[in-house]
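Note sheet for the following structure.
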Amino acid sequence: MIPILRTKAALREAVLGWKRVGETLGVVPTMGALHAGHMSLVEAAKADCDRVIVTIFVNPKQFNSASDLENYPRTEVADAEKLAPFAVDAIYAPGPEQIYPEGFATTVSVTGLTEGLCGAHRPGHFDGVTTVVSKLFLQTLADRAYFGEKDYQQLQVVTRMARDLDIPCEVIGCPTVREEDGLALSSRNMLLPPETRAAAPALNRVMRQMAERLLDDESFGPVRAQAEAALREAGFSEVEYLELRAADGLAPLTRPDRPARLLAAAWLGGVRLIDNIAVG
Ligand code: PAF
């Protein structure tokens with residue numbers, strides 16, 4: 001059984017024991033509801049580091065809707081079972097008082113990178129992410145932290161945050177893991193009503209078609225409009241954003257004249273799906 005640490009004191013004791021003998025520590029921060037995407041992060045951490053901790057904390061500060069927070073899947077027993085074969089050294093599953101003790105009054109906020117895409121549609125979301133992730137980095141004293149490229153903007157924001165604050169934890173991005181039909185793995189997929197599941201891979205399919213057309217030098221405006229129409233046709237109720245951005249720094253682009261990323265958020269069956277792919 002993998003030990004489940006509930007307090008920062010218990011966490012610190014374990015970590016200091018490892019550090020004392022010179023072992024490196026990798027952390028995989030999660031909100032639970034673990035799937036194969038998380039396991040790929042655990043595998044990357046296990047390959048690089050002597051010790052690996054998975055954190056499970058559904059962070060209230062990064063939800064901008066009470067119902068989204070309430071509906072977020074919580075599956076700790078199943079999560080621990082899924083992690084057992086990977087022999088991680090500990091699960092850190094703190095109570096809210098370990099992260100936000102009474103009187104907690106600090107926000108860690110990254111400007112610029114957080115302003116568009118998910119940042120524009122989920123006010124306060126990235127402040128919640130950077131506040132909790134900086135705390136997890138400092139509580140775990142991890143040498144490396146593993147994040148999925150699926151949340152591409154988050155990966156960029158957290159990398160900037162650690163650099164700007166001189167937190168000595170290297171942020172490592174790992175490729176998105178997908179279902180065979182192309183749907184990016186996400187804890188939210190389990191919230192999709194069964195009758196909408198077949199439509200979900202349209203998001204990735206439409207984005208791949210869009211990327212090909214942009215690489216063929218077609219104009220962004222019409223290509224984007226047709227992609228949005230195709231998503232509505234497939235059953236998506238709303239396309240929040242569908243944008244081409246510089247892969248590094250996320251500057252808005254209309255043609256992939258440097259390493260670029262196509263990023264999207266769209267609603268299907270009351271569930272917000274996000275995806276992104278490299279273009280060129
Ligand atoms: O990607 C997530 O699951 C969360 O945003 C994270 C990084 C664990 C912070 O709560």
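The values are calculated or read from the model by the stated rules, or taken from the named source; none is laboratory data. None of these values were measured; they are calculated from a predicted model. Cβ coordinates were reconstructed from backbone atoms using ideal geometry, including for glycine residues, and neighbour counts include every protein chain displayed. Accessible surface is based on the protein model in full, side chains and every heavy atom, while ligands, DNA and RNA are left aside. Shrake-Rupley method; radii C 1.70, N 1.55, O 1.52, S 1.80 Å.
Does LEU231 satisfy the condition of being buried (at least 19 other Cβ atoms within 10 Å of the Cβ) and out of contact with any Cys (no Cβ under 9 Å at 6 or more places or on another chain)? Step through it out loud before you land on a result.
Working: buried (at least 19 other Cβ atoms within 10 Å of the Cβ): yes; out of contact with any Cys (no Cβ under 9 Å at 6 or more places or on another chain): yes.
Yes, satisfied.
For the range 187-213, a residue qualifies if it is touching a residue at least 12 places away in the same chain (Cβ under 8 Å), farther than 17 Å from LEU244 by Cβ and among the aliphatic types (A, V, I, L, M), and the qualifying residues are MET190, LEU191, LEU192, ALA199, ALA200, ALA202.
Cβ-Cβ distances below 9 Å connect the following pairs, each with a first residue in the range 68-85 that is more than 22 Å from ALA45 (Cα to Cα) and of a type in the set (A, V, I, L, M), a second residue that is open to solvent by 50 Å² or more (accessible area, probe 1.4 Å) and part of a helix (DSSP H, G or I), and a separation of six or more residues or different chains: LEU69/PRO60. Note on the range 17-33: among residues that are in contact (Cβ under 8 Å) with a residue 24 or more places away in the chain and surrounded by fewer than 18 Cβ atoms within 10 Å (Cβ to Cβ), the one that is nearest to THR75 (Cα to Cα) is THR24.
State whether the residues of the range 190-212 include one that is within 16 Å of the ligand (Cβ to nearest atom) and within 25 Å of LEU41 (Cα to Cα). Outline the logic, then answer.
Just the residues of the range 190-212 that are within 16 Å of the ligand (Cβ to nearest atom), to begin with: 190-191.
Narrowing further to those that are within 25 Å of LEU41 (Cα to Cα): 190-191.
For the range 190-212, residues within 16 Å of the ligand (Cβ to nearest atom) and within 25 Å of LEU41 (Cα to Cα): present.
For VAL15, the conditions (1) away from the ligand (no atom under 16 Å from the Cβ); (2) in contact with an Asp or Glu (Cβ under 8 Å, 6 or more places away or on another chain); (3) of a type outside the set (Asp, Glu) all hold with the exception of (2). If you go through the range 219-233 and keep only what is among the aliphatic types (A, V, I, L, M) and within 25 Å of the chain's Cα centre (by Cα), you end up with ALA227, LEU231.
So that you can scan it fast, the table gives a plain yes or no per residue for (1) β-branched (Val, Ile, Thr); (2) under 26 Å from VAL157 (Cβ atoms); (3) without any contact (Cβ under 8 Å) to a residue 60 or more places away in the chain:
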{"residue": "LEU215", "(1), (2), (3)": "no, no, no"}
{"residue": "GLU233", "(1), (2), (3)": "no, no, yes"}
{"residue": "SER237", "(1), (2), (3)": "no, no, yes"}
{"residue": "LEU273", "(1), (2), (3)": "no, yes, no"}
{"residue": "ILE277", "(1), (2), (3)": "yes, yes, no"}
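Could you name every one of the helices (runs of 4 or more DSSP H) located completely within the range 5-87 that has at least 3 residues being modelled with pLDDT of 95 or more? Talk me through it step by step, then tell me what you get.
Details: elements: 8-20, 36-48, 66-71, 76-83.
Fully inside the range 5-87 and qualifying: 8-20, 36-48, 76-83.
For the range 168-192, the tally of residues that are farther than 13 Å from GLY148 by Cβ, open to solvent by less than 20 Å² (accessible area, probe 1.4 Å) and out of contact with any strand residue (DSSP E or B) (no Cβ under 7 Å at 6 or more places or on another chain) stands at 2.
Out of curiosity, is LYS150 basic (Lys, Arg), within 12 Å of the ligand (Cβ to nearest atom) and within 20 Å of VAL15 (Cβ to Cβ)? Judged against the criteria, LYS150 is not a match. Scanning the range 143-167 for residues that are part of a strand (DSSP E or B), within 8 Å of the chain's Cα centre (by Cα) and surrounded by 24 or more Cβ atoms within 10 Å (Cβ to Cβ) yields a count of 0.
All conditions but one from (1) within 11 Å of the ligand (Cβ to nearest atom); (2) more than 29 Å from THR7 (Cβ to Cβ) apply to LEU117; the one that does not is (1).
Can TYR100 be described as surrounded by 13 or more Cβ atoms within 10 Å (Cβ to Cβ) and farther than 24 Å from SER67 by Cα? Before the answer, list the steps.
Details: surrounded by 13 or more Cβ atoms within 10 Å (Cβ to Cβ): yes; farther than 24 Å from SER67 by Cα: no.
Spelling it out, it is not the case that TYR100 is surrounded by 13 or more Cβ atoms within 10 Å (Cβ to Cβ) and farther than 24 Å from SER67 by Cα.
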